[in-house]
Each structure stands twice: as C-alpha cells, then as structure tokens.
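A quick write-up on the structure given underneath.
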Amino acid sequence: MNWPSFLTPWWALAGLLALPIIALYILRQKRPDFVISSTLLWSKTMADMRASSPWQRLRRNLLLLLQLLILAALVFVLMRPIIQAQASTAKAGVIVIDCTASMQTADNGGPTRLDRAKEEARKLVDGMRPGDRFLLIADGGGLTQVRSGFSSSKIELKQLIDQITPSDTGSDLSESLLMAASSLRALGSEAEKKSEAITAGKVWLFSDGAGVRVPDIFGQSADMLQFVKIGDSDNSVGITRLAISPLPKKPGIYEVFVGLQNASSAERKISVALALNTPENLLPDQAKFAVVPPRGTGGVVFENVKSEPGKLYVRLDDRNDDFLLDNTAYAMIEPPRKTRLLLVTKGNYVLESFAKTMQRVSETEAQIVVPGAYNTPCPRISPSLTTPCRRTSPKATQCLCVRPAQCRVSK
C-alpha cells in the first residue's frame, strides 16, 4: 500500500487550532446573577458556581466533534496530499467487425448480429483508458474497408462504428486479420524506436465465426486474438442453386431447378414459389413444398414453366428463418435468338449430320452447300462469328460457319 505524501506539509501546524476550540468547551461559563425564590431546582448549577476552579470536565458534545472534523479536513486539503504510483502503459488494439452477409441474421427475432457486434464494440471503446488507441476495420467481403487509423478519440471511433453497414457477400476475414496483426506489430516497433509508453495489445474480432480463417501469424501469439462470438442460432434454410433450362421445340417453356440447404438441426418443410420480374408477381400454379433434412441439402424441380423474358425469381416463404437474405434468388431469361449455320462441304457425312441435328433440336437455321456454289472466301477469323471458320490449308474445300455475316451463296 502506498501512503500519501504532502506537497505543503507545514499546513499541519494549523491543526493546533483544535486546542482553543477545545478550551472553549472546558472553561466554566460566567453566568449573570438573578434573584429567584428557591434554589431547590438549581442545585447542580449552584455546585458549579461554588467550585473554585475555572475549568470543568469535558462532556460529550456533538457540535465540538463536528468542528474538529471540519478543521481536520481543511488542514488535510491545505497540505495537498499526493499518492506516488507507477504510471500505467497505454495499449493499442484493433477492432475487426464482420459485416458479411451472415451478420444480417436476426437470432430468435431480435436485433441482427451486426447490430449486436457494433454494440459490443462500443462497450469496448467506452472502456478505453487515457492514451489507449484503437484501429477499426470493417470487413464486408471482397473489399476490406479500413475505417480509421489508430485513434484515441472515443467519439470518433463510435461514429465510425455507427457508419458500418452490412454487405451481401461472404469473406473468411483472413486479409483483415492479417492487416490487423501487421498494424499492431508496426505500431509496437515504431513506439519502441520513439520510446513512447505504448504497447501492442490485442485484435478484437466481433463475428459469428461463419467461414472465418485465422492466419498463421496468430498461432505464434496465442493471446493476440480475442474472438467475441456473436449469435448462436442456426435456424435457416437458403437457396444454393438456381438453374433454368429451355425445353427443346417449346418456345417460352422452361425447366427450373432450385437447390436448397438446411443449416438447422431439424428437418424443415419449406414453400418454394416462382415469380416474374418482382418477387411479389407470383407465377400461377408454380409453388411447391420441399422437405430438407437436418444439416442437409435438397431441391425442387419445376417442369413446364411458362415465362416471358425477364427476371425469374425464386422465393422461400419461411417466417421463422433467422437469415432472410438467401431466401430470394433470380436469374435472367433472355429472349430466344436463332442461330444461322452455313456448311460448305463436298459431302462430309459427320458435318452434315451435325447441321441437320442442330436444325431439328434447336432454333438453328442451317444451310448446306457445295464449294462451287460458295463465291466468298470464308474468313479465317471473323469477329461476327460465334465459332470462327478455320482452314487446315489454303486449298481446303469445306468450312463450317456459325452466324456467317460475310458468307454468301451464289444462285
């Protein structure tokens, strides 16, 4: 225990003022004379008056005690007490907040995981001591956002935390964690060169842990990373695949496959519906139920889906899902385009069969001619061709052109 010392100890002499204060309470009071009819009720007072000593015994007196306490407090303050202690070293840390798609999960219908992570980060900032510094990194996947340099301002850090918004992509956070560790080590080396009283602290990671990969640099310093897990719910079924295939010889008719994955530990029965251009514009008679096993995958196939060109949406209707972002997906249905095919050959059976098959099973306009009826050299590589014509030699007598813009046949 460190006892206090005083900058002006001579003020202790002021404590001698307690002596005259006490003396005022032990001196006998000089009372005036009055004529009374009897001294029967004044016997004690008469005894004090007959005593020859001017002093009296000190009795308990609350007012005297309060006066002495006030005097002691004034003397203590005037002596200016100080406690000598070793100054604590300021620390620097890095706050990494996961703002990827999974952080939009609202566990059990409460606030999202990102909102909870931001609240925990604010509490950490509130606990900063004078001289402490923090670097803030928000990782939304793909593009790492460094929100600030090392700052000791609580107000600035809180404002930057409030500005963090969720993204719709994923990330393993490895780049952000590596940047955080490198920044801490660089700051520690710089402070050592400048003889600053600051040491490298920890990297605080606020995340749900989904897909997080910790770099090897943290294996060398086990105490360097402080992981704060946000969220523990796995009540979610999401769309993992959407494939649209046009049916041959049926314009505007498609087959749609929807892949599903169940992240929860219970079997889930989910309603799957198709919509066109907006998630609310549902297609008639295009809704099914899918049963997905626990921690497993499943799928739904929609056959003979009649749809116009545009955005074909797939939506899952599950009000109990904690993660709604993967409950909707869409793919583009392009207008049908006819392919033109010109085959110049003397009678290649394989190529002729290919051209006829393409014309029969798909929207292809095929034409087969002999070299004598073809009066324009087929270009070796033409930008207008989906599949460029290639000759094996200048004297080649056959060529297959797809979408031939420059090929003409003589009449």
For this session: With the checklist (1) under 29 Å from T105 (Cα atoms); (2) at pLDDT below 80 in hand, flag the one item E190 doesn't pass.
Result: (1)
Seminar exercise, completed: Checking T165, T169 in turn, the sole residue that is within 22 Å of the chain's Cα centre (by Cα) and at pLDDT 80 or above turns out to be T165
For this session: Please work out which residue is modelled with the lowest pLDDT, limiting yourself to region 218-268 and to residues that are under 20 Å from Q286 (Cα atoms) and of a type in the set (F, W, Y).
Result: Y254
For this session: Kindly check whether there is at least one residue in region 104-111 that is modelled with pLDDT of 85 or more, under 30 Å from V214 (Cα atoms) and assigned to a strand (DSSP E or B).
Result: no
Exercise. Just to be sure, is E303 surrounded by fewer than 15 Cβ atoms within 10 Å (Cβ to Cβ) and either at positive phi or assigned to a strand (DSSP E or B) (or both)?
Worked result: yes
Problem set entry | The one condition in (1) closer than 30 Å to V77 by Cβ; (2) modelled with pLDDT of 70 or more; (3) of a type outside the set (A, V, I, L, M) that S37 fails to fulfil | (1)
For this session: Return the pairs, sorted by first residue and then second, in which the second residue is small (G, A, S) and surrounded by 13 or more Cβ atoms within 10 Å (Cβ to Cβ), the first residue lies in region 74-93 and is within 26 Å of P130 (Cα to Cα) and modelled with pLDDT under 70, the beta carbons are less than 8 Å apart, and the residues are 6+ apart or on different chains.
Result: none
Seminar exercise, completed: If we ask which residues in region 269-290 are surrounded by 12 or more Cβ atoms within 10 Å (Cβ to Cβ) and either among the aliphatic types (A, V, I, L, M) or farther than 19 Å from R319 by Cβ (or both), their number turns out to be 13
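The values are calculated or read from the model by the stated rules, or taken from the named source; none is laboratory data. In this text the structure is predicted, and so the values were computed from the model without any measurement. Reconstructed Cβ throughout: ideal geometry from the backbone, glycine too, with neighbour counts over all protein chains shown.
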